[in-house]
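The values are calculated or read from the model by the stated rules, or taken from the named source; none is laboratory data. The structure presented is a predicted model; accordingly, all values stated were derived computationally and were not measured. FYI the Cβ positions are ideal-geometry reconstructions off the backbone, even for glycines, and counts take in every protein chain you see. Calculation scope for accessible area: heavy atoms of the full protein, side chains included, ligands and nucleic acids excluded. Shrake-Rupley method; radii C 1.70, N 1.55, O 1.52, S 1.80 Å.
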Amino acid sequence: MQKFALILLTLVTIGLAGCGGETVTGGDADQEKANLQNSQQQAQVNKTYSISISEMEDGTISPRTTQSVFYNRTRRFTVTPYTGYDIESINGCGGTLQGNIYTTGPITEDCTIEVNFIDPLESLESSEFIDVDPVDPVDPPVEPSAPPVEPVDPPVEPVDPPVEPVDPPVEPVDPPVEPVDPPVEPVDPPVEPVDPPVEPVDPPVEPVDPPVEPVGPPVEPSAPPVEPSAPPVEPVDPPVEPVDPPIEPVDPPIEPVDPVISAAKINDTGITLCGNYDEEDDGEWRSDVDCKMAGASQLFDGIDIEGNNVPAGQDALYGRDAIASSLSKIGGGDAGFDFTRINSDGSEYVGTGDYSTNPWACVLDNVTGLMWEVKESSNGIKGNSLHDADDMYNWYSTNTANNGGSEGFENDDGRICFGYNEADNTTFCNTQAFTARVNKPGLCGAKDWRMPTKEELHGIVHLGRSNPSIDTDYFPNTRAGNYWTGSPNINNIYGSRIVLFTDGRDSSINRNYSSHIRLVRTAKE
């Protein structure tokens, strides 16, 4: 039996050897498993997922179409409510909302963004708080208005407790001193005016009660000190009255905050022509009518050559524009504007006025005293030079004194201006970085350039022109588009004011949008 087992074991061993197979070691298996995992992970990284947008009312989201996103990447959307609506909620794709910008979390699967908008007025009207506080329940307390006078006494009664303990010493005093009552009565009047400011005075009144008890016998002389006590209370009112004067002089410093746009330093609109009024509606309305030829004035209507009415009191009949032909100007410019061209070194320009052959760098406004940056030639390509007319910027300011509560966007759109380097924040295409780059070497002999206010930038708008709405003889290469101002939007901390040089309007947009810039400095006070 043992011999048979030995033979069988030998045959099995020979059979296994004859199979010609190889034994797979543990190390090779681990490597094969790792290779498989790497290929799976690579496939996952290269995979794209879809971000879809649900149907919505009362607002929009941009981009609106379904977006494809690589694994573990994020995507940003701009949410804009229609006028009169606010964002009520937004969810989906693990995102967060900052202002009007919704940024998704890392995308690892298909997801959907859902936005809901709300009308604040409707929500107030339908709120339970308003329903619970109708006028009806208020009426009951209104009817017993006389009783409320009685319940008013309770608040007076709680005040009496400190007075009640005073009464006891007064009552025992009354028997011996009945004539003391008269002086007590006149004391009441001063007590009434004292009530408003006397709440903090009550503490010193309480310690006065103890000395009143030992003074009980000589109550008659005590009255005199009480009477003079009223006078010190009366003179308290005067010091309150003189407090008002210091408040009044506070107003003056607020008023002079407007010097930049005071009446003495503001440009006219540039409108020198009148418009007619076609009473027969024959399509003959025009806005290029010579006011004087039509006979229109500030007080009287005129008639144009087609026989249509030209209303009185139009823009062209007032201000510098109305007397533009007789104005004595320091420089030149259309209508009531008075501009002087300035060279890059700060000297006055004496060239031909043809920018293409004899350029200038700045323009001095002789009416407002402001000096403006002039943009270099526009060829539709961004980044040709520091003052390229095509360059654009995001709004950004770390100055809490003028940024309206939000810094804006330091590097939202990347390479949209000259010299951009993603590794150097001083080259970023934002309003603050650009201003610093201009001031470092100086422009037109100055290093105090800044962003203009909305009022300042609107001051060089020529409303008699469009696309662009500016005097291009002095401001060549102006794009018919949006130009940033340094003025924040008080109704939206994530927005700032712009001036549209397509037609001269002003508006507000979110700070992550890209717009042009024209810097300014105060050259003359």
* To do: Using a 1.4 angstrom probe, figure out how much accessible area segment 439-525 has per residue, in square angstrom, rounded to the nearest whole.
  => 41 Å²
* Asked: Between N421 and I118, what is the FRET efficiency for a Förster distance of 41 Å, r being their Cβ-Cβ separation, to the nearest 0.05?
  -> 0.40
* Asked: Rounded to the nearest 10 Å², what accessible area does F70 show when all protein chains are kept and the probe is 1.4 Å?
  -> 100 Å²
* Which of the peptides 100-113, 473-486 is most tightly packed, and how do the rest follow, going by the mean number of other Cβ atoms within 10 Å of each residue? -> 473-486, 100-113
* Computed E for S385/N309 - FRET, C-beta separation, R0 41 angstrom, nearest 0.05 -> 0.20
* Area of R341 that stays accessible when all protein chains are in place (1.4 Å probe, Å², to 10) -> 40 Å²
* With an 8 Å cut-off on Cα pairs and a minimum separation of 6 or more residues, tell me the relative contact order of segment 325-387 in percent. => 23 percent
* Asked: What ranking of H462, H387 comes out by heavy-atom accessible area, probe 1.4 Å, highest first?
  -> H387, H462
* Quick one: if you stick a label point 7 Å off each Cα along the C-beta vector at E410 and T96, how many nm between them? -> 1.6 nm
* Asked: Given a Förster radius of 56 Å and the C-beta distance between Y71 and K440 as r, what FRET efficiency does 1/(1 + (r/R0)^6) yield to the nearest 0.05?
  -> 0.85
* Structure fact -> Percent relative contact order for segment 266-347, counting Cα pairs under 8 Å at least six residues apart, stands at 28 percent
* Structure fact -> Given backbone amide H placed at 1.01 Å from N, residues whose amide H is under 5 Å from that of R497, ignoring those fewer than 5 places away on the same chain, are T485, S487, N489
